[in-house]
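These notes concern the structure reproduced below.
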Amino acid sequence: MNTQPPAEVGMKVDEVDTPALLVDLDILEQNLQRMADELARTPVRLRAHAKTHKCPEVARRQIELGAIGLCCQKVSEAEAMVDGGIRDILISNEIVGPRKLERLARLAQRSRVMVCVDDPDQVNVLNQVMQDHQVHLQVLVEIEVGGTKCGVPPGQPAVDLARRIDVATHLDFTGLQSYFGAAQHLVDFSQRSAAVAKSQSLTRELIGTLAQHGLACPVVSGGGTGAYDLESASGVYTEIQAGSYVFMDHGYTNNLTADGKPCNQFQQSLFVYATVMSRPVPERAVVDAGWKAVGVDCGFPIVADRPDIEYFQGGDEHGKLRLHDPETQLRVGDKLRLVPGNCDPTVNLYDWYVLFRQRRVEAIWAITARGAVL
Ligand SMILES: *Cc1c(COP(=O)(O)O)cnc(C)c1O
């Protein structure tokens, strides 16, 4: 862990050392409020995904604005949230292996914890570990509704699994996780809504079948930033797992509304701050932010407010910029804000958020679940 933050409260933004993760606090607050307001108009609650921010400071603000709890992807991520004061967590993932299950059991002794299952043998393993620790665990059956990742098919296999959980002595069948992440990234509105509608009808049908077997689903969890509006209107979910809305990556800002306009409910609030370390020739400059400072799995970052500059390539520690106009004003030591293509893996590279308002650093928050991959 790198213990020295790149800035101090009160400093001007352009004095912040780089590479650093900058957050525009006004925009972050607007995003948090907007999602709270949107979901307040529906019967659905927010269970915000912590994998995006990995920071209890953000989580606490989400809870203050009405979120019922958090989602985490990993047990260690959930531990960091519980350590930060969050007391209602869904691990929206399958957890496998004795060391992790022991940590999960210990966490369930400190907080409300739910977990997903998609395998009958894992139900027995999970039950045994919970019995050993004298704790009850709430379990959701994860169903596969188009994402082709984890999850049982939403027919008989899901019913069998739910029944198995229901009869296990130390597990409570609590409902379903139905998450179709790829649907959220369909840019075209009619394609996106058709994909969501299909996964919703599969989920709705299964809820009905389970009810016929006497298996109630008090929790139906799923959805995310790209399609939360469709998902919350469907009447299927009890809670929406949106994560990225707090920061927004430029991937999501490509999504279009029903009338073909860009979806703009949420704005980009997260930037990688970088310094020009070299301008060896007029048409190229190099910044100190390469793969170790900005995620590139969803494409290269965009340079904020500078359409004349293109981040086109890099290496571990270097980002190469193309300057289409060789007369471009850009000197060694100048600083630029990069907009990452995918926020989650970018956040995971940093120990600190530097939060600014009106060009001044207002707060520095520790990203306590950074690197929490276990
Ligand atoms: C990533 C993820 C989310 C959040 O999706 P966003 O697009 O970040 O809002 C929700 N649920 C699950 C299971 C996820 O993996």
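Please compare each pair in Lys12/Lys292; Lys12/Lys51; Lys54/Lys320; Lys51/Lys292; Lys54/Lys292 to a cut-off of 27 Å on the Cα-Cα distance and tell me which ones are over it. The partial results should precede the final answer.
Values: Lys12/Lys292 25 Å; Lys12/Lys51 29 Å; Lys54/Lys320 29 Å; Lys51/Lys292 18 Å; Lys54/Lys292 18 Å.
Too far apart for the 27 Å limit: Lys12/Lys51; Lys54/Lys320.
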Requested in this report: May I ask for the distance between the Cα centers of segment 144-199 and segment 104-142, given as a whole number of Å?
Outcome: 19
Query - Cα Rg over Rh - segment 1-84, Kirkwood - result: 1.03
Query - Longest DSSP-loop-exposure-free segment, trypsin sites (Lys or Arg not before Pro), the chain, at most 14 other Cβ within 10 Å - result: 150-291
**Report entry** Counting all C-alpha pairs of segment 174-214, share separated by more than 13 Å (%)
**Finding:** 56
Query raised in the report: With labels modelled as points extended 7 Å from the Cα through the Cβ direction, what inter-label distance (nm, one decimal) is found for Lys149 paired with Asp121?
Result: 2.3
Report summary line: Two pseudo-spin positions, 7 Å from Cα along C-beta at Arg284 and at Ala258, lie apart in nanometres by 5.0
**Report entry** Magnitude of the charge dipole, the chain, Cβ model with Lys/Arg +1 and Asp/Glu -1, debye to 20
**Finding:** 340
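Taking the inverse of the average 1/r across all pairs of different Cα atoms in the chain, what Kirkwood radius in Å do you get? Numbers along the way, then the final one.
Details: mean 1/r = 0.0459 Å⁻¹.
For the chain, the Kirkwood estimate is 21.8 Å.
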Report task. Would you please give the FRET efficiency between Arg87 and Glu29, computed as 1/(1 + (r/R0)^6) with r the Cβ-Cβ distance and R0 = 22 Å, to the nearest 0.05? Result -> 0.40
Query raised in the report: Tell me, how many Å apart are the Cα centres for segment 245-265 and for segment 2-25?
Result: 28
Report task. Taking 7 Å along the Cα-to-C-beta vector as the label spot, tell me the Trp291-Ala216 distance in nanometres, rounded to one decimal. Result -> 5.2
Report summary line: Checked against the positive end of the charge dipole of segment 240-309 (+1 on Cβ of Lys and Arg, -1 on Cβ of Asp and Glu, about the Cα centre), the farthest of Gly260, Val303, Pro280 is Pro280
Report summary line: On each of the three principal axes the extent of the alpha-carbon atoms of segment 49-154, given in whole Å and largest first, is 38, 36, 20
Report summary line: Rounded to the nearest 500, the 222 nm mean residue ellipticity computed for the chain from DSSP H runs (n ≥ 4, each -39500 (n - 2.57)) alone is -8500 deg cm²/dmol
Query raised in the report: Suppose R0 equals 45 Å; then what is the FRET efficiency for Ile68 and Met277 from their Cβ-Cβ distance, rounded to the nearest 0.05?
Result: 0.50
Requested in this report: Scan around Ala20 for amide H atoms under 5 Å from its own, H built in the peptide plane at 1.01 Å from N, and keep only partners 5 or more places away or cross-chain.
Outcome: Tyr273
Query raised in the report: If r is the Cβ-Cβ distance from Gln131 to Arg110 and R0 is 22 Å, what FRET efficiency results, to the nearest 0.05?
Result: 0.75
Query - Given charges at beta-carbon only (K, R positive; D, E negative), |dipole| of segment 38-171 in Debye - result: 440
Report task. Determine the dipole magnitude for segment 1-106: charges of +1 sit on the beta-carbon of Lys and Arg, -1 on that of Asp and Glu, nothing else is charged, the reference point is the Cα centre, and the result goes in debye to the nearest 20. Result -> 700
Query raised in the report: What lysines sit close enough to Lys261 to cross-link, taking a C-alpha to C-alpha distance under 28 Å and skipping anything fewer than 8 places away on the same chain?
Result: Lys198
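Values quoted throughout were computed directly from the atomic coordinates according to the rules given, and no laboratory measurement underlies them. Keep in mind that what you see is a predicted model, and the values were worked out from it rather than measured. We place every Cβ from the backbone using ideal geometry, glycine too, and count neighbours over all the protein chains shown.
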